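A short worksheet on the structure shown next.
The values are calculated or read from the model by the stated rules, or taken from the named source; none is laboratory data. A quick note: this is a predicted structure, and the numbers were derived from the prediction, not measured. Because the Cβ atoms are built from the backbone with ideal geometry, glycine has one as well, and the counts that use them run over all protein chains shown. SASA here: full protein model, heavy atoms, side chains in, ligands and nucleic acids out. Shrake-Rupley method; radii C 1.70, N 1.55, O 1.52, S 1.80 Å.
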Amino acid sequence: MNLEREILMKYGRHVREVLRQFLKTSIKLAKTSNRIKFLLNCRKCKVIPMCLNYQVKVNMENEESFRQLDKILFKQKIRIISVMIADAKRTLARMKKTKTILRNKMECLLEREDFEQVREAMEDKTARVYMTTKVKEIKKIENLKKRRIAAISPEVSWVENTTNVPIPDFLERTLMLGPNYNVPLFKDNADEIRAEVATAISNFINYNNQPRHHQQEWIVKDVGKSKKFLKDHPNLLITKAVKGNKTVILSSDEYVEKMEEMLRDANTYETITFDPTARVSRKIKTILDEWKNNKYIDFRTHKKLNMSNCNPPRIYGLPKIHKQGRPLRPVVSTIGSTTYKLAQFLSNILGKIVGKTDAHVLNSFTFATEISGAQINEDEIMFSLDVTSLYTNVPVDYAIECIHQRWDEIDKHTPIDQDSFVAAVKLVLDSTFFTYKGIFYKQTFESQWVPSITSSCKSSYGTSGTGDHTQTGGGTHL
């Protein structure tokens with residue numbers, strides 16, 4: 001370096017050594033700053049740097065135990081990254097003090113013109129080292145992210161193609177992300193999922209503020225190519241399966257044919273020639289006005305429940321890929337419909353007495369726990385019943401009778417009188433219309449299952465069944 005030679009000739013060996021220390025400290029400071037950013041991004045993106053790529057060999061035989069061990073090791077490595085970040089920050093603070101001392105020392109030893117020349121040369125050299133190191137660190141973090149994604153071996157069960165159209169790799173990679181972005185990697189704890197999603201969004205925003213490397217665009221390119229492919233193949237329909245969190249590729253012709261065949265079932269659905277939305281809205285307004293006048297609800301609740309300019313309920317189908325022929329499960333979405341808010345309001349009241357009977361079972365896990373200690377005689381057997389078309393097989397009259405019989409329990413949770421409450425429930429349960437392709441249909445209740453009133457009450461409040469028809473939205477809870 002010519003500058004060092006000039007300093008040596010003019011000021012001697014001692015000043016040159018100070019200059020070298022000053023340069024060395026400045027370069028190390030630039031590299032440490034980038035090192036901290038690299039480790040922070042590793043922790044944010046949950047990728048492990050190569051220096052922590054170690055394995056722990058433990059003699060275990062169960063696959064679940066190995067998964068738990070990997071999870072513990074991963075969390076341990078993330079904590080080690082935090083320790084490395086703290087150590088790098090301490091080193092950075094120490095070097096800043098050292099640089100300041102050396103700078104002041106150089107300023108005292110050199111003449112003003114020589115010091116300014118040295119300072120400019122140092123800043124230029126440090127800036128070049130900083131940018132070079134930054135590019136390397138960004139490339140390292142991108143390679144680690146790609147390696148982690150590559151380590152997740154794709155499973156055929158994540159995406160199921162039921163058509164004859166060959167699916168390209170980029171579309172399969174995009175669909176494997178799932179509607180909630182990486183659906184197959186599900187967890188049991190909803191709070192943990194919510195926290196990880198929030199962290200992922202925050203990480204993406206923060207990391208995006210840095211200069212982007214070209215390798216970071218691989219997923220954006222896949223999504224773009226997938227959109228173009230689906231646009232060029234309008235006959236393909238992407239949906240989700242009823243069970244298993246699978247993404248299903250269907251032919252739109254097959255979907256429409258099965259939906260229309262299902263809606264032609266005269267025992268379940270009938271066509272109506274008008275949109276009942278306005279008529280139901282007027283009835284709801286009459287009920288709500290009466291509640292407000294009788295001071296059952298306040299002005300704010302009245303305004304919230306009185307929905308206007310609503311869309312009619314819509315029906316769609318989800319394929320049952322676990323059954324032969326892939327039949328569709330009809331789903332009526334009442335979200336945003338005229339009865340949506342009122343059904344939620346009534347459901348919250350009725351929900352407070354659910355589970356108060358001896359016949360109530362929360363789920364199959366609870367049932368297994370309850371019967372684990374039961375003694376079963378040789379002449380006794382256990383069997384389960386699956387309700388076909390559950391929502392079309394619940395008679396409204398029996399549901400209303402259940403409310404009458406258990407009104408003493410319901411009355412404790414609402415100021416509304418019995419007749420007004422029952423009228424609102426009946427209105428919601430009778431509003432079974434929906435639309436498909438501009439045609440309005442109504443759900444019929446021609447069930448052959450006619451139990452006694454007592455049995456009906458237990459079924460309505462005591463158990464939860466599964467069926468071939470599902471409703472989403474506020475009306476589901478009733």
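Given Lys304, Lys352, which one is touching a residue at least 12 places away in the same chain (Cβ under 8 Å), surrounded by 12 or more Cβ atoms within 10 Å (Cβ to Cβ) and part of a helix (DSSP H, G or I)? Answer to the check: Lys304. The condition (being under 30 Å from Thr162 (Cβ atoms), out of contact with any strand residue (DSSP E or B) (no Cβ under 9 Å at 6 or more places or on another chain) and among the charged types (D, E, K, R)) is satisfied by just one residue among Lys323, Lys341, Lys295: Lys323.
Let's see how each residue does on (1) among the aliphatic types (A, V, I, L, M); (2) touching a helix residue (DSSP H, G or I) at 6+ places or on another chain (Cβ under 8 Å):
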position	(1), (2)
Thr271	no, no
Arg279	no, no
Lys283	no, yes
Ile287	yes, yes
Asp298	no, yes
Leu305	yes, yes
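Just so you know, in segment 64-77 the residues that are open to solvent by less than 50 Å² (accessible area, probe 1.4 Å) and out of contact with any helix residue (DSSP H, G or I) (no Cβ under 6 Å at 6 or more places or on another chain) include one that is modelled with the highest pLDDT, and it is Leu73. Here is the figure for segment 33-70: residues that are part of a helix (DSSP H, G or I), out of contact with any Ser or Thr (no Cβ under 6 Å at 6 or more places or on another chain) and not hydrophobic (A, V, I, L, M, F, W, C) total 12.
Residues of segment 312-346 that are small (Gly, Ala, Ser) and either crowded, with 21+ Cβ neighbours inside 10 Å or modelled with pLDDT of 90 or more (or both): Gly317, Ser337, Ala343. So if I check each of Ala121, Ala86, which one is surrounded by 14 or more Cβ atoms within 10 Å (Cβ to Cβ) and either without any contact (Cβ under 8 Å) to a residue 40 or more places away in the chain or part of a helix (DSSP H, G or I) (or both)? Criteria check complete, one pass: Ala121.
Taking the condition touching a residue at least 12 places away in the same chain (Cβ under 8 Å) and hydrophobic (A, V, I, L, M, F, W, C), does Leu8 pass? Answer is no for this residue. Exactly one residue out of Arg194, Arg212 is out of contact with any helix residue (DSSP H, G or I) (no Cβ under 6 Å at 6 or more places or on another chain), under 30 Å from Met131 (Cα atoms) and at pLDDT below 75: that is Arg212. Report yes if some residue within segment 393-404 is out of contact with any Leu (no Cβ under 6 Å at 6 or more places or on another chain), charged (D, E, K, R), modelled with pLDDT of 80 or more and not in a helix (DSSP H, G or I); otherwise report no. Checked against the condition, which is being out of contact with any Leu (no Cβ under 6 Å at 6 or more places or on another chain), charged (D, E, K, R), modelled with pLDDT of 80 or more and not in a helix (DSSP H, G or I), segment 393-404 yields no hits at all.
The conditions of being within 42 Å of the chain's Cα centre (by Cα) and not hydrophobic (A, V, I, L, M, F, W, C) are met by Lys134. Selection over segment 362-381 of residues that are at pLDDT 80 or above and assigned to a loop (DSSP other than H, G, I, E, B) gives a count of 9. In segment 240-271, what residues are open to solvent by 30 Å² or more (accessible area, probe 1.4 Å) and assigned to a strand (DSSP E or B)? Passing the criteria: Lys240, Glu270, Thr271. Report whether or not Ile335 is touching a residue at least 24 places away in the same chain (Cβ under 8 Å) and touching an Asp or Glu at 6+ places or on another chain (Cβ under 8 Å). So Ile335 fails the test.
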